[in-house]
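The values are calculated or read from the model by the stated rules, or taken from the named source; none is laboratory data. Note that the coordinates shown come from a computational prediction; the quantities given were computed from them, not determined experimentally. Neighbour counts run over all protein chains shown; Cβ positions are idealised from the backbone, glycine included. To get the accessible areas, we keep the full protein, side chains included, count just its heavy atoms, and leave off ligands, DNA and RNA. Shrake-Rupley method; radii C 1.70, N 1.55, O 1.52, S 1.80 Å.
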Amino acid sequence: MTRELLLLRHGKSDWNIDTDDYHRPLKNRGKRGAQRIGTWLLQHDLMPDHVITSPAERALVTAQKCCKAMHIGAKHVHRDKRIYLADPYALLTTLADCPADAKRVMLVGHNPGLELLLSYLSDEAPEIPPDGKLMPTATLARLAMPINWSDLKEGQGKLLQLTRASGLHEKFPFPAPHGKELRDRPAYYYTQSSVIPYRIVDGQVEILIISSSKNKHWVVPKGIADPGHTLQESALKEAWEEAGIEGDITSEALGSYSYAKWGATCTVTVYPMEVSRQLPEKEWEERHRGRRWVSAQEAAGVLKQAELAPMVLALEQQLAKG
């Protein structure tokens, strides 16, 4: 019996951002590369059952984007600080701590460590591509491995495949993984959820509205439904990140609406959320947005998405009836 090891180098990072190496983010190109690799793994039924990554920003986001595209969810990603800029021996130590029953492990990290590990484990020297780059950014190496992760020796693996994101189709199949329609983003992007945050003050319903990311419109928290999370869980996550609020959400939606984006149609399911906690302004990470508590009537009049207005007014009526 053999096992498989997937070595994934992080996507293209953004050197135009003024930050240290550890916190350097991915370029948009790097994010799409990670998603293309994830989609390719999903299409070929090669999803890992254990994922470990360097916690450096560019590697962590690569792992998360890749896993979401595989529909296994970012919560399955395990961070291991030993992978950051590690040599192959440190990476072997990391692999030795993988669960004994893990049949396919994906390790997301950096060069030169990944290339050195690939060469160390391969039973034959990997063939160098014409451009001289063995593992450029967003490249996946797939190796057949012995059964025991804890005692890997030189030459015990066999390189099965090298896959570059740059060599994969730029668009994504819909529905995933083998749909004939091609879209600008992975399939999960087009399923979204949102909350209408409310509180009752002196018997009156108030709605929390926030500014859009570019401060052009008034909106309510909304985002992509992450694979591995329910629509409600994803909506609560967006409420925390975008508005700095926590609360209770119902299982029954107020409704849904659709809008065009990324070359197709996104569908948003909307839930009422009773706010129980609001972060102080200085602790709210996205405070640049701005937020306001307003009456249901005012919210219905100023929210950018017209389909939200009847939902806000319907919520007010529901709450008035007790």
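What's the FRET efficiency of I128 with H178 using the Cβ-Cβ distance as r and R₀ = 41 Å, to the nearest 0.05? Don't skip to the end; give the middle numbers.
Working: r = 33 Å, r/R0 = 0.79.
The pair I128/H178 has a calculated efficiency of 0.80.
Whole number in Å², please: accessible area per residue of the range 209-322, 1.4 Å probe, ligands, DNA and RNA not counted. All intermediate terms of the calculation are to be shown ahead of the outcome.
Values: 6030 Å² over 114 residues.
Counting only protein heavy atoms, the per-residue value for the range 209-322 is 53 Å².
Taking H as built 1.01 Å from N, whose amide H comes closer than 5 Å to the amide H of G11, not counting residues under 5 places away?
So G11 has HN proximity to T62, A138.
How large is ³J(HN,Hα), in whole Hz, for each residue of the range 12-19 in order, when computed from phi with the Karplus curve 6.51 cos²θ - 1.76 cosθ + 1.60 and θ = phi - 60°, using x for Gly and Pro?
4, 8, 9, 7, 7, 7, 7, 8
Give me the compactness ratio for the range 183-235, meaning the Cα radius of gyration over 2.2 N^0.38 Å. Intermediate values should be presented prior to the final figure.
Working: Rg = 14.3 Å, N = 53, 2.2 N^0.38 = 9.9 Å.
Output field value: 1.43.
Over the Cα atoms of the chain, Rg to Rh with Kirkwood Rh, two decimal places? Display every interim value, and only then the final one.
Details: Rg = 22.9 Å, Rh = 21.6 Å.
Ratio of gyration radius to Kirkwood radius: 1.06.
Over the Cα atoms of the range 108-173, each weighted equally, I'd like the Debye log10 I(q)/I(0) at q = 0.12, 0.19, 0.26 Å⁻¹, rounded to two decimals.
The computed values of log10 I(q)/I(0) come out as -0.34, -0.78, -1.24.
Kindly provide the helix-only [θ] at 222 nm of the chain, computed as the sum of -39,500 (n - 2.57) over DSSP H runs of four or more divided by all residues, to the nearest 500 deg cm²/dmol?
Numbers: 7 runs with 75 residues, N = 322.
So the calculated ellipticity at 222 nm is -7000 deg cm²/dmol.
Of all accessible surface on the chain at a 1.4 Å probe, what whole percent is carbon and sulfur?
Values: 7500 of 15750 Å².
Solvent-exposed carbon and sulfur of the chain make up 48 percent of the total.
Run the simple label-point estimate for R277 and Q318 please: 7 Å along Cα→C-beta, distance reported in nm.
Once both label points are built, they end up 2.4 nm from each other.
Around H50, which amide H atoms from residues at least 5 apart in sequence, or from another chain, sit under 5 Å from its own amide H, with H modelled in the peptide plane?
R104, M106
May I ask you to give the solvent-accessible area per residue for the range 1-140, in square angstrom, as obtained with a 1.4 angstrom probe?
Details: 6280 Å² over 140 residues.
Spelled out: the 1.4 Å probe surface of the range 1-140, per residue, equals 45 Å².
In square angstrom, rounded to the nearest 10, how much accessible surface does K304 have for a 1.4 Å probe?
Per-residue accessible area (K304): approximately 120 Å².
Pairing the Cα long axis of helix 308-320 with the longest principal axis of the chain, what angle in degrees results, from 0 to 90 and rounded to the nearest 10?
Taking the Cα atoms of the chain, the angle to 308-320 is about 60 degrees.
Quick one: if you stick a label point 7 Å off each Cα along the C-beta vector at K81 and E285, how many nm between them?
1.9
Could you list, in their original order, any pairs among K27/K222; K27/K158; K27/K68 whose Cα atoms are separated by more than 28 Å? Mind showing how you got there, number by number?
On the way: K27/K222 23 Å; K27/K158 32 Å; K27/K68 18 Å.
Correct reply: K27/K158.
Enter the angle in degrees (range 0 to 90, nearest 10) between the Cα long axis of helix 28-43 and the first principal axis of the Cα atoms of the chain, meaning the one along which they spread out most.
Roughly 70 degrees, rounded to the nearest 10.
Can you list the HN-Hα couplings for the range 199-214, worked out from phi with the Karplus curve (6.51, -1.76, 1.60; θ = phi - 60°), rounded to whole Hz and with x for Gly and Pro?
With coefficients 6.51, -1.76 and 1.60, one gets 8, 10, 10, 6, x, 10, 7, 10, 10, 8, 10, 10, 7, 5, 4, 9 Hz.
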